[in-house]
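Read the structure below first, then the notes.
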Amino acid sequence: MAEDTSSPMDRFCGSTFWNATETWYTNDPDFTPCFEQTALVWTPCAFYWAFVIFDFYYLKASLDRNIPWNKLNVSKALVNLGLLVITALDLIMALVKKGGDSELPLYDLDVWGPIIKFATFLLVFIFIPLNRKYGVQTTGCQFIFWFLLTVLSIPRCRTEVRLDAERQKILNSQQPSEQDFSWEEYQFVSFFIFFTFTSIMLILNCFADGMPRQTKYQRGENEIPELSASFLSRITYQWFDKMALKGYRNPLEEKDLWDLRPQDSCSEVMPIFAHHWNQNVRKNYKNKARVEPKAQFSNGNVTFENPHGEKNGRKKGMASIMPPIYKSFGGVFLFGALMKLFTDTLTFAQPQVLSLIISFVEAQEAEPEWKGILYAVLLFVLAAAQTFILGQYFHRMFIVGLRIRTALINAIYRKALRISNSTKKESTVGEIVNLMAVDAQRFMELTTYLNMIWSAPLQIGLALYFLWQQLGPSVLAGLAVMIILIPVNGVIASRIKTYQIRQMKYKDERVKLMNEVLSGIKVLKLYAWEPSFEKQVLDIRDKEIATLRSTAYLNAGTSFLWSCAPFLVSLVTFATYVLTSEANQLSVEKVLVSIALFDLMKLPLTILPMLSVDIAETQVSVNRINKFLNSEELDPNSVLHDSSKPHPMSIENGEFSWGDEITLRNINIEVKKSSLVALVGTVGSGKSSVVQAFLGEMEKLAGVVNTVGKLAYVPQQAWIQNATVRDNILFGQTYDRKRYNKVIDACALRADIDILSAGDLTEIGEKGINLSGGQKQRISLARAVYSDADLYLLDDPLSAVDAHVGKHIFEEVIGPKGMLARKSRVLVTHGVTFLPQVDSIYVMKMGEISESGTFDQLVKNKGAFADFIIQHLQEGNEEEEELNQIKRQISSTGDVPELLGTVEKAIKLARTESLSDSISVTSADSLMGRGGSLRRRTKRQDSHDSVASAASLKKKQEVEGKLIETEKSQTGGVEFAVYKHYIKSVGIFLSVATLVLNFVFQAFQIGSNLWLTQWANDQNVANDTGLRDMYLGVYGAFGFGQGFTSFFSDLAPALGSLHAAKVLHSMLLENVLRAPMTMFDTTPVGRILSRFSKDVESVDQKMPQVINDCIWCAFEVLATIVVISLSTPIFLAVIVPIAFLYYFAQRFYVATSRQLMRLESVSRSPIYSHFSETVTGASTIRAYNVGDRFIEESDAKVDKNQVCKYPSVIANRWLAIRLEMVGNLIILFASLFAVLGGQTNPGLVGLSVSYALQVTQTLNWLVRMSSDIETNIVSVERIKEYGETKQEAPWELEQDKNKPKNWPQEGHVEFQNFQVRYREGLDLVLRGVSFNIKGGEKVGIVGRTGAGKSSLTLALFRIIEAAGGRISIDGVDIASMGLHMLRSRLTIIPQDPVLFSGSLRINLDPFEIKTDDEIWKALELSHLKSFVKSLAAGLNHEIAEGGENLSVGQRQLVCLARALLRKTKVLVLDEATAAVDLETDDLIQKTIRTEFKECTVLTIAHRLNTILDSDKVIVLDKGQITEFASPTELLDNPKSAFYSMAKDANLV
């Protein structure tokens, strides 16, 4: 060929490379052969070479090895070989057939083309065995390479087929041909073989390889399909289909979830983070003494270095968590950022294509149809590419977020196990838990948006650049408007924030008050005080609603700006553009492309201010986490473990502090092997501190502490885990039945365990909530005994148990004959009784050891110890025969008269006390036959076989209905009734208004856009400024209509939902307060409270938002469909199948996602509760040295939460991909129909396409919102459920009004064959009780636990309703009156004094009807006057929650004052078991005798001496009256039960 072609590419090929007339300006487009063989083949090759680095990265990062050969990878290898062969053949044939002698010239293409292909195929081929060896099951680069290669070879297929047809024509024609077609024939055949092979490779690459043989982590049955899903399945999330289907069929449960991906588990994330953290910490020290290897693994545990450092290391500054986070997770993040950059560019390509489509429609006749189709398809491809890449981007970001959260939670957890006490004092447990719950969580939420920092400005910049091309400098006017609006939005946002903080404050107040009301509900009912407290709650609620209402107005304002902003911007820009120069005319293309670009700017502009706030908040979180992770740790070297010292535990010349002033000085203690050392002293003398010093919990200032051997520690406040009783005792050790049973008996736990519903497998609530103090203490002791350590530190373990149990434990466990006799033990004790039996005693005084020695030595010394004993005995809470023992012990020491005198006094005091009603725990038999001193007590216990009766009662209860009903976790959908209920609460007017306003808003929006296109199409505007101004004016009017309706369409639902929230809350409150007592017995307070906090909050705040968004999205979608159908009616045909697709995706998603969210929130709280438990029990965990086990538990809990969290993240992506593809189909059809439908109005076409472009996001949101509505409406459902609980009898009745003001006048109480049970289905507690009490009689009621004493009073107040018989007061049947009428005319002094937070005055007189004088008089009579006078605030003295800032005795007196203020004819006195000290008790008795002389008094007695002077005594047994007579009569009859009780109590 002689022609000299111009471009180098032409020379390379030997033919034309690009011919525009052939390719573009024609009705039958085609590429040149040269272009097909170079550009279209090399593009995929170049792509592969560019991105092959990722393949290498995946090889390196893979955790698995060794995939077996299988059909798939063998066929890949074979086909690839085939391709290599065919390419090599191409080169050889070219060299043979062309060049040299033959007349065909040899071009560069013939040589280089095959070589480039060969090299690329070779590279791909090398990866087949490599991927197999390193266990990589699928690679994206290869898939994309084969995909591109196949698709780009299609044009050449067409060319080759055409050329072949031409050749056949020539050959078939009659003239004998001179030409030799052999080279062309060869090319034809070789290309089609090549094409077939690439297509096969593409298909093979759609599947993933087999399972690797070696994996770093066990791959279970339940492994996540993603690990072995192919690239195609990964980008479309097709591997998630199974879960979506399963979740759709029936609600997902935990067992349906997949295992976690190994790369996201703590065991993979932590070492990386720890390594970078330690590097960062080391950087902060000047002395580079310690060089450490990579993150150390000690048995799979990660060690974190202490940034607080050695005392000598100079600290340069705080170690921050940020650098380690960048280094550990930055790679994935950067890859994500790359994707984000890519999608941003694609986004801006869309308006460009849009303008091409518009110009195509404008020039319809001139342009060939294929171009229109090309544009439509191009738009679709752009949108689809964006969908897939964004899906991957968000997925990547979520993973980074999850990993950061994992790393932070675990770093915080590990640190919490080691912080020193001075650090711990700086923050409460709650604050530390918040670091984990709030601050670590914040990171996770931020990561997704973090890339917006650079992406938002980039998007704005690009938009401005393209706008400038359309409209020139006028853009700046629009930009100015945007910039002005940012601070306005900022101001509103900060206002909203202050309101939010205020609302949170009210909410906390309200929940706190509710908590008290629910905790003290019984007292409220007895006093008939509910209305007062209901009013208090509603007052706070009104303030809260007012705040929410202001927020709603502000939000509507934001929405007004938000809908006006883009509009104002376009208005200002277009106005400036048209008004600046006559030449500037709007064309359809300009208008629509500009509007599309303005819309693109909308999102980044709103996100930027929000993002800056979020970043500021996260910065605060970072600082808080940094401060915590950099805080001081306990010094691990403060306690030595030097076995050469003579004694296993010793302190020499110790000085210790709790971080501020010195607490202990000159401490010298040695504990000999197998000895028992007691520490005694007054409260606050430093006994517990010595124990803490042994544990290394205090800061050691001087001296040496030494312990040798394994430690066990029993803290003063027992620390109980939320686990079964058995787990609490085993504490991570293996279960050895024999030893376990021995421990249980020794610690007197047998009887308690029998009472518990599931024995020792009963779950204990958080902080041991369902155990008594004594039980907790004994479990804590049992844990220590079971751990079989060498050294025991017992910090007052006997304080919380009854005296006889204490004795049992001392003898069986601690004492010289107990289980621990061979161990070295330190016992802190307040009891004097056991001191004679210990080996040596150290007496603490003011943080020093004042004296030490054996009991006898110390008594002789007459020093601090003697004082201690005297002081102790005066408190008078020892049992009588123990005092006798001490007396013997002291008198044997000789000459200590004043001590003996004190002992004698104490013995007298103990005699008057008697008949304690506590369930004694020690089983009777263990006390039998232990010498005479215990005989008498055993008798008392027989008369009180209370253990047995309580146990049988409990068993019965268990059979007849668990006490606490389990909470229903809602599954499945929500029925329509709930929605109806909610809409009713909102109100019909506002509901309708919302819909109408939204409709009008959309109408205005479409109107303004149609008006613009009308203006742009109008040819006369150019010459007529008046016309132009008219267009501009109407356009402006449309805009303000939009703003106006947007404001109200936002406000209406917000106000409506607020109204609903108010109605729902007051209904809930009213019904809960009116629920019968049984409901509170069977429902934990926490569950009712969560209705008032969590559910009310979601009705207050989430519902308005979600409903608003949902309605808005729905109308937006409707508008889109309307606009598209206006321009191309045929589009309606496509809507139906698309709607079906959409509906299915939505149904599948909602069902699965809702359940996943539930599972996730259920699995999240254990992380935090386990953490707060750990923080509380850190010293115990350290003492037993089980930190590693707890870290593992925490890791497991975090992993379990990820197991639930990860699928819900994926479910979001799965949905997004599917919905966006549905949206992309809408784009495709809208643009295709626009192009092919012969629509001539370019404005309408452009409008319909630009609406279609926006619809993808809206569709996505619509599903999210509708599923959010379903998630949040559950709250309405729960509130409704509680609002419909069974109510107690009415509070007020009409006929009550005729009763006299001072009813009951006599106080005559009569029970007639009265029967009552606590709840339906339980046994009767009172079985036909009849007695008659005359007005003014004083009656005592006695009987042992479970006899029905309390049931009598409860029945009198109708807390429990009669099952038969009747009670009448002054001849009126109490069942016939309103509850409040009845309850307010009786007075009760309840057993446990309940106080509410608020002023003292509110506690005495909540309805504020009494005068000050009356109140002072009552206080004087109840001996509180002097105390209240001494308070600064007097009657307005604030009482803490539960009355914490008053002593128990004072609380009891406040209850007495309440009774005195009421002073009705009938008084019920439920005696306090929680022993008020004797003094207070006498005061109360005296006051009652004088003040309530004329009244009928019913006393439920626990101490007989209080009722010996009453007129009558009722003895109850098993719900029936056995004796009813005066006390003297009963005492004269030695056979009476009352007599035997009195005898037990030493009263006869």
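The table that follows gives values for the structure above.
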| item | result |
| --- | --- |
| P(r) of the stretch 1269-1327 over all Cα-Cα pairs, binned every 10 Å from zero, in whole percent | 14, 19, 29, 22, 11, 4 |
| Backbone HN-Hα couplings from phi across the stretch 703-709 [Karplus 6.51/-1.76/1.60, Hz, Gly and Pro as x] | x, 10, 10, 9, 9, 10, x |
| Rh (Kirkwood; distinct C-alpha pairs) - the stretch 193-267, Å | 14.8 |
| Values of log10 I(q)/I(0), in the order q = 0.15, 0.16, 0.21 Å⁻¹, for the stretch 458-551 under a Debye, Cα-only, solvent-free model | -0.73, -0.78, -0.98 |
| Ratio Rg/Rh [Cα only; Rh per Kirkwood] for the stretch 601-674 | 1.46 |
| Principal axes of the stretch 1395-1438: Cα extent on each, largest first, Å | 23, 19, 16 |
| For the stretch 1054-1148, average projected area of the Cα convex hull in nm² | 9.1 |
| Vicinal HN-Hα couplings computed from phi for the stretch 235-240 (Karplus, 6.51 cos²θ - 1.76 cosθ + 1.60; Hz; Gly/Pro x) | 6, 9, 6, 5, 5, 7 |
| 10 Å binning of all Cα-Cα separations within the stretch 521-646, expressed as whole percents from 0 upward | 9, 16, 15, 15, 15, 12, 9, 5, 2, 1, 0 |
| In order through the stretch 1011-1023: 3J(HN,Hα) via Karplus (6.51 cos²θ - 1.76 cosθ + 1.60), integer Hz, x for Gly, Pro | 4, 4, 5, 4, 4, 5, 7, 6, 6, 7, 4, 3, 9 |
| Scattering curve values for the stretch 446-506, log₁₀ I(q)/I(0), Debye with Cα scatterers, q = 0.19, 0.21, 0.27, 0.28 Å⁻¹ | -0.87, -0.94, -1.04, -1.06 |
| Between 0 and 90°, nearest 10: helix 140-172 axis offset from the chain longest Cα axis | 20 |
| Cβ-derived FRET efficiency at R0 22 Å, Ser772 paired with His830, nearest 0.05 | 0.70 |
| Added length on full extension, which subtracts the Cα-Cα distance from 0.36 nm per residue, Gln469 to Ala546 | 22.7 nm |
| Mean Cβ count within 10 Å, highest first, over the residues of peptides 421-430, 158-167 | 421-430, 158-167 |
| Solvent-accessible area per residue, Å², over the stretch 640-739 with all protein chains present [probe radius 1.4 Å] | 44 |
| Rg/Rg_globular for the stretch 631-766, with Rg_globular taken as 2.2 N^0.38 Å and Rg from C-alpha atoms | 1.29 |
| Inter-part distance where the stretch 177-242 and the stretch 1382-1423 are each reduced to a Cα centre, Å | 83 |
| Inverse of mean 1/r across different Cα pairs in the stretch 708-789, Kirkwood, Å | 12.6 |
| Amide H contacts under 5 Å for Thr139, placed H, 5+ residues apart | Phe231 |
| Calculated Rg and Dmax of the chain using C-alpha coordinates, Å | 42.5, 149 |
| Cα convex hull of the stretch 1210-1316 - mean projected area over all directions, nm² | 17.2 |
| The stretch 1168-1217, accessible area per residue, ligands and nucleic acids excluded (1.4 Å, Å²) | 26 |
| Using alpha-carbon coordinates, inclination of helix 864-875 to the longest axis of the chain, degrees | 80 |
| Stokes-Einstein diffusion coefficient of the stretch 14-137, Kirkwood radius over Cα pairs, 37 °C, 0.692 mPa s, in µm²/s | 190 |
| Loop sites in the stretch 1348-1452: trypsin sites (Lys or Arg not before Pro), DSSP, at most 16 other Cβ within 10 Å | Lys1410 |
| The chain - percent of accessible surface contributed by carbon and sulfur, probe 1.4 Å | 59 |
| Within the stretch 716-751, chymotrypsin sites (Phe, Trp or Tyr not before Pro) in DSSP loop having at most 13 other beta-carbon neighbours inside 10 Å | Tyr735 |
| Amide proton proximity set for Thr724, modelled H, under 5 Å, gap of 5+ | Ile764 |
| Highest-first arrangement of 1503-1510, 571-578, where packing means the average Cβ count within 10 Å | 571-578, 1503-1510 |
| Orphan Cys of the chain, criterion: no other Cys C-beta under 4.7 Å | Cys45, Cys141, Cys157, Cys206, Cys266, Cys564, Cys747, Cys1110, Cys1113, Cys1204, Cys1455, Cys1495 |
| Residues with amide H under 5 Å from that of Thr1499, placed H, sequence gap 5 or more | Val1339, Gly1340, Ile1341, Leu1469 |
| Order by protection proxy (mean Cβ within 10 Å, highest first), peptides 603-616, 1102-1115, 620-633 | 1102-1115, 620-633, 603-616 |
| Of the trypsin sites (Lys or Arg not before Pro) in the stretch 804-880, those whose Cβ has at most 14 other Cβ within 10 Å and which sit in DSSP loop | Lys817, Arg822, Lys862 |
| Rounded accessible area per residue of the stretch 1330-1433, 1.4 Å, Å² | 36 |
| Degrees, to the nearest 10: 182-204 long Cα axis against longest axis of the chain | 10 |
| Kirkwood hydrodynamic radius (C-alpha pairs) into Stokes-Einstein, the stretch 493-535, 20 °C and 1.002 mPa s, D in µm²/s | 180 |
| Ratio Rg/Rh, restricted to the stretch 1392-1503 and using Cα atoms, in which Rh is the Kirkwood radius | 0.94 |
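The values are calculated or read from the model by the stated rules, or taken from the named source; none is laboratory data. Predicted model, so just to flag it, every value in this text is computed and none were measured. Methodologically, a virtual Cβ is constructed for each residue, glycine included, from the backbone with ideal geometry; neighbour enumeration extends over all protein chains shown. Surface areas here come from the heavy atoms of the whole protein model, side chains and all, with no ligands, DNA or RNA. Shrake-Rupley method; radii C 1.70, N 1.55, O 1.52, S 1.80 Å.
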